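Let me begin by presenting the structure, written as structure tokens, before commenting on it.
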Amino acid sequence: MASGDWTDQQNDAIVADYFAMLADDEAGRPYSKAEHNRRLQAAIGRPRGAIEYKHQNISAVLKGLGEDWIPGYKPAFNFQGSLVDAVARWLATHPAWLAPDTRLSLAKGAPSRVREAPTLWIGPPPTLGNAPPPDELEQMQHIARRFDVAERDARNRALGRAGEERIVRHERSSLTAAGRNDLADRVRWVSEQDGDGAGYDIASFEPDGRPRLIEVKTTNGWERTPFHISRNELAVADERRREWCLVRLWNFARDPRAFELRPPLDAHVSLMPTSFQASFPS
């Protein structure tokens, strides 16, 4: 059996094997992790335990990329940069994997999606949780910045639209459960009906009738995956801070969960300008 640092060929082989299992997992098809491991031992000359741990490393890389990972391989960190490069190479040669229609169709094909309830699990934002930031946060943030995960999610219109639709259903279901069918009937999907530009996606209500303006940000990644927010959205959040909220929908492809952020947003997240308008002097 080989020892020492993994070669690019070994990394490429185990990354391809991982994505084969992940595709089966997301589609609800049965597969054997043990059989995959045995085939890899023969192909790359690494022992069973090393292969298991490298699969966990790949889960960690995917977590940093804001992507779904195999639940049975808990993310393990402090991996080599060459593994990140191997995952990036696989994704570059399989662009369909990140295509919105491909991933959403996989998600909808999984059995858990059929039984999906209209109400969501909504927990506290990471800034208000009792747990301290995870030790791997810096490594995850480095990967997210390197591959601009926030920009990728922002450009994924199919993912964004599916997330907004999910929150519309949640709002209507919650109001109905509170005995406010009259308000549930008046929930509006503003970005779908009127287009972008309002500074929020959904116009809903609190059970007591107060307006509730919701901006939805969706990712397949974990709760700390970065996201983009526009100057206009920030302005509306400031102008209508009693009514406006941001709903962060995460882990969307597998088990959607959410939390809410209320203005001022800079109390919860670090806001960093990512582009500038260039104009010619008069």
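All of the numbers you see were taken from the coordinates with simple rules; none came from a lab. Note that the structure is a prediction, hence the values are computed from the model and not measured. So basically every Cβ, Gly included, is an ideal-geometry build from the backbone, and we count neighbours across all protein chains shown.
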Legend entry - the stretch 234-282 shape via C-alpha gyration tensor axes, a/c threshold 1.5: oblate
Inset, instruction - Using only Cα atoms, locate the centre of the stretch 247-277 and the centre of the stretch 31-92, then give the distance between them in Å, rounded to an integer. - result: 28
Inset, instruction - Please tell me the relative contact order of the stretch 15-84 in percent, rounded to the nearest whole number, where contacts are Cα pairs under 8 Å and at least six residues apart. - result: 27
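What size of dipole, in debye to the nearest 20, comes out for the stretch 121-267 about its Cα centre when the only charges are +1 on Lys and Arg C-beta atoms and -1 on Asp and Glu C-beta atoms? Let's see the in-between values first.
Values: 24 positive and 26 negative charges, 37 e Å.
Roughly 180 debye for the stretch 121-267.
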Legend entry - Fraction of antiparallel bridges per DSSP, the chain only, in percent to nearest 5: 55
Legend entry - ³J(HN,Hα) computed for each position of the stretch 186-203 - Karplus, 6.51 cos²θ - 1.76 cosθ + 1.60, integer Hz, glycine/proline x: 9, 5, 10, 8, 5, 5, 7, 7, 10, x, 6, x, 6, x, 7, 9, 9, 9
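Give, rounded to the nearest 20 debye, the magnitude of the charge dipole that the chain has about its Cα centre when Lys and Arg contribute +1 at Cβ and Asp and Glu contribute -1 at Cβ.
Numbers: 38 positive and 40 negative charges, 98 e Å.
With only Lys, Arg, Asp and Glu charged at Cβ, the dipole is about 460 debye.
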Legend entry - Global geometry of the chain, whether rounded, prolate or oblate, following the gyration tensor of its Cα atoms and the 1.5 cut on a/c: prolate
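Decide, for the stretch 8-98, between rounded, prolate and oblate: order the square roots of the alpha carbon gyration tensor eigenvalues as a ≥ b ≥ c, take rounded if a/c falls under 1.5, and otherwise choose prolate if a/b is larger than b/c, else oblate. Write down the numbers at each step before the final one.
Working: a/c = 1.33, a/b = 1.08, b/c = 1.23.
The shape class here is rounded.
Would you work out the charge dipole size for the stretch 8-98 about its Cα centre, treating the Cβ of every Lys and Arg as +1 and the Cβ of every Asp and Glu as -1, and quote it to the nearest 20 debye?
Working: 10 positive and 11 negative charges, 64 e Å.
In total the dipole reaches around 300 debye.
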Legend entry - Under 5 Å, built H, 5+ apart or other chain: amide partners of Glu206: Arg212
Inset, instruction - Grab every C-alpha pair in the stretch 138-282, bin the distances at 5 angstrom width from 0 up to the longest one, and report whole percents. - result: 2, 9, 18, 21, 21, 14, 8, 4, 2, 1, 0, 0
Inset, instruction - Can you find, among Trp97, Pro75, Leu62, the residue farthest towards the positive end of the dipole of the stretch 8-98? Put +1 on the C-beta of Lys and Arg, -1 on that of Asp and Glu. - result: Pro75
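Ranking request for peptides 63-73, 189-199: highest mean number of other beta-carbon atoms within 10 Å first, then the rest in descending order.
Values: 63-73: 21.3, 189-199: 14.2.
The densest-packed peptide leads the list: 63-73, 189-199.
So how do Asp201, Asp24 line up by other beta-carbon neighbours within 10 Å, fewest first?
Numbers: Asp201 25, Asp24 15.
Neighbour counts put them in this order, fewest first: Asp24, Asp201.
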Inset, instruction - Enumerate the amide H contacts of Gly66 below 5 Å, restricted to partners 5 or more residues apart or on another chain; note that Pro and chain-start residues carry no placed amide H. - result: Trp222
Legend entry - the stretch 265-274 - phi-based ³J(HN,Hα) in whole Hz, Karplus 6.51/-1.76/1.60, Gly and Pro as x: 5, 6, 7, 10, 10, 8, 9, 10, x, 10
Inset, instruction - Using θ = phi - 60° and the Karplus relation 6.51 cos²θ - 1.76 cosθ + 1.60, list the HN-Hα couplings for the stretch 23-38 in order, rounded to whole Hz, with x at every Gly or Pro. - result: 4, 5, 4, 5, 8, x, 8, x, 7, 10, 5, 4, 5, 4, 5, 4
Inset, instruction - Set Lys and Arg Cβ to +1 and Asp and Glu Cβ to -1, take the dipole of the chain about its Cα centre, and tell me which of Gly123, His36, Ile143 lies farthest positive. - result: His36
Inset, instruction - Mind checking which of Ser191, Ala203, Ile167 is farthest towards the positive end of the stretch 157-206's charge dipole, using Cβ charges of +1 (Lys, Arg) and -1 (Asp, Glu) about the Cα centre? - result: Ile167
